[in-house]
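The values are calculated or read from the model by the stated rules, or taken from the named source; none is laboratory data. Source: prediction; values computed, not measured. Methodologically, a virtual Cβ is constructed for each residue, glycine included, from the backbone with ideal geometry; neighbour enumeration extends over all protein chains shown.
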Ligand code: 1GP
């Protein structure tokens with residue numbers, strides 16, 4: 001089994017470098033829209049491109065082939081179910097929807113695709129996927145038939161995240177749902193990041209650089225943005241550049257001019 005992308009996540013995290021992922025949902029991004037997403041990604045490549053959604057309507061093989069040809073970002077599958085697999089991606093988030101109580105998304109879909117995934121040799125990153133109420137019914141909630149954790153129940157989120165760690169998962173993903181009315185609260189991100197060990201991914205309902213800043217400042221290691229960038233593909237470049245500036249500034253604050261790590 002490969003480990004390159006997960007190792008990169010750990011190395012970046014250790015160095016204090018925040019990572020940015022653009023989510024492409026094949027249900028929404030195809031044809032002309034996909035072409036303009038690719039054009040933007042060629043100008044400014046995020047660390048990762050996630051591909052997937054709750055409701056897949058077309059094969060993603062050709063999409064991945066184009067991205068691999070044109071863009072330098074790592075391509076990671078973000079599957080909504082067992083059918084959303086392609087052996088051509090660089091890695092796959094192996095999502096365990098542990099906020100829910102639907103066995104299909106805890107083990108059922110995994111069994112269906114296990115042989116295919118294993119035999120492909122793709123890098124698999126087990127992910128504790130935790131759905132948080134994002135202010136409206138999300139596609140994940142509807143399609144998985146599970147309920148999100150209420151926004152004010154930090155203790156339940158924490159216990160869920162710790163359970164994921166104890167089960168051997170390697171990423172924790174706090175998800176407000178694509179197109180959420182409100183993103184995961186910064187207070188919840190910091191509460192979880194301060195009390196858990198795994199790299200923390202946050203996504204859903206992030207619609208401004210201010211939201212992105214808040215998620216990073218609160219302790220997210222990777223932030224995922226989809227909708228707003230699919231709707232305004234020009235903003236992909238703006239967001240990627242902003243993350244570089246955020247990291248440069250943090251690096252200066254952390255190491256100063258003489259290169260000593262001030263956080264140690
Ligand atoms: C990834 O579902 C999110 O976690 C993406 O959400 O489409 O709202 O950015 P948006």
Restricting to the range 193-206, count the residues that are over 15 Å from the mean Cα position of the chain (by Cα) and either exposed (fewer than 15 other Cβ atoms within 10 Å of the Cβ) or closer than 20 Å to residue 240 by Cβ (or both). 3
Taking the range 38-55 and keeping only residues that are buried (at least 17 other Cβ atoms within 10 Å of the Cβ) and either more than 16 Å from the ligand (Cβ to nearest atom) or touching a residue at least 60 places away in the same chain (Cβ under 8 Å) (or both), one is left with 38, 40, 41, 44, 45, 46, 47, 48, 50, 53, 54
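I'm trying to understand the selection: among the residues of the range 1-37, which are part of a helix (DSSP H, G or I) and either surrounded by 20 or more Cβ atoms within 10 Å (Cβ to Cβ) or in contact (Cβ under 8 Å) with a residue 40 or more places away in the chain (or both)?
Residues of the range 1-37 that are part of a helix (DSSP H, G or I), as a first pass: 4-14, 31-37.
Correct list: 4, 5, 6, 8, 9, 10, 12, 13, 33, 36, 37.
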From 251, 227, 213, grab the single residue that is surrounded by fewer than 21 Cβ atoms within 10 Å (Cβ to Cβ) and at pLDDT below 95. 251
